[in-house]
């Protein structure tokens, strides 16, 4: 029998994936995985098909195609002015790939990184796979406000970075300009890097303003923005994301990208490029408007059946209190909810290092209207 590495012991199947598998076995409604149920924009599909037909199927630069990098930079400055050029952009295999590459060149084994609870589990797993120590600062509903005293107390001489998810998966928190500026002061004071996962930048509700970390002047040279197209173009399987950072970071990260992935899928890069060049601002605004309606519909029903839930300001997830479901802890309750209703959620332990006493579950409400209505109908059977 082959002996597995110590590194393999730090990485296990995520609860998101595990609950999705259980849901598939029961032919249930998967509200565990962050699958965006928008239609793929036709221009994105056609752009990829056209590239394939034109023979654009060979390796691209490890940085990504220059045209796509340039368009991402221009998009970034259109929405969030921050003096971005193509040289600041790395295209990788999803936001996860972009994070892996940039973290590899900025962090060493033993370095400490501060995350806010509730966190996105893939961030933690990536950091731990690199030998980093992760420390946590807890935030609490309804606002999930940052306790800046606790943040500074979590910083040690070994701390090298802070990581935020904005808007937050799973809490839905959207960071204000003032919060980002205060984080910027701390980053500057302690000579840190800020990783800002901005995958859900277009999913903000009720006029909430999204502010990109790189638009804060004190953060621009100390920040790595991670984002991608999986959610807004509903192409999670295409695996196309990007990092925006100072050029020397991008240059170094491109070598990791080349080593691990070689390059992002060539024709798919052209599909995304076509989307960025063609889709109007109204497309992104409609995505937010339609998801706000889904949010309102689903969270109203959660509260009707006794699952206390706040109306999130961003992303398309909600953490709900499922204390009323039978079970001794969050995992048992999530499993029993799946058994009773066929609705898959993710237990709190996926988002907290210690979820003791937290009877929470995360639901993804980015579903087609018919499926969301069916989920609501099934939840009402609990009354």
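The values are calculated or read from the model by the stated rules, or taken from the named source; none is laboratory data. Computed from a prediction, not measured in an experiment: that's the story for all the values here. Because the Cβ atoms are built from the backbone with ideal geometry, glycine has one as well, and the counts that use them run over all protein chains shown.
Results, tabulated for the structure shown:
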{"quantity": "Residue match in the stretch 268-276 (condition: assigned by TED's automatic domain parsing to the domain that holds residue 57, in a loop (DSSP other than H, G, I, E, B) and under 23 Å from residue 92 (Cβ atoms))", "calculated": "no"}
{"quantity": "Leading residue by the ranking (nearest to residue 315 (Cα to Cα)) among those in the stretch 181-190 that are in contact with a strand residue (DSSP E or B) (Cβ under 9 Å, 6 or more places away or on another chain) and surrounded by fewer than 24 Cβ atoms within 10 Å (Cβ to Cβ)", "calculated": "184"}
{"quantity": "Tally, over the stretch 277-289, of residues that are part of a helix (DSSP H, G or I) and either surrounded by 14 or more Cβ atoms within 10 Å (Cβ to Cβ) or touching a helix residue (DSSP H, G or I) at 6+ places or on another chain (Cβ under 9 Å) (or both)", "calculated": "7"}
{"quantity": "Which numbered condition residue 64 fails, given (1) on the phi > 0 side of the Ramachandran plot; (2) under 22 Å from the mean Cα position of the chain (by Cα); (3) in the same structural domain as residue 333 (by TED's automatic domain parsing)", "calculated": "(3)"}
{"quantity": "Condition check for residue 382: closer than 21 Å to residue 294 by Cα, modelled with pLDDT under 95 and in a loop (DSSP other than H, G, I, E, B)", "calculated": "yes"}
{"quantity": "Candidates 104, 108 - the one that is more than 30 Å from residue 280 (Cα to Cα) and either crowded, with 19+ Cβ neighbours inside 10 Å or in contact with a helix residue (DSSP H, G or I) (Cβ under 6 Å, 6 or more places away or on another chain) (or both)", "calculated": "104"}
{"quantity": "Residue 306, sole failed condition from (1) in a loop (DSSP other than H, G, I, E, B); (2) in contact (Cβ under 8 Å) with a residue 12 or more places away in the chain; (3) touching a helix residue (DSSP H, G or I) at 6+ places or on another chain (Cβ under 9 Å)", "calculated": "(3)"}
{"quantity": "Hits in the stretch 27-48 - residues which are loosely packed, with under 14 Cβ neighbours inside 10 Å and over 23 Å from residue 202 (Cα atoms)", "calculated": "27"}
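Yes/no matrix, rows are residues, columns are (1) surrounded by fewer than 14 Cβ atoms within 10 Å (Cβ to Cβ); (2) under 30 Å from residue 376 (Cα atoms); (3) not assigned by TED's automatic domain parsing to the domain that holds residue 102:
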site	(1), (2), (3)
237	yes, yes, no
241	no, no, no
248	yes, no, no
251	no, no, no
255	yes, no, no
266	no, no, no
292	no, yes, yes
295	no, yes, yes
300	yes, yes, yes
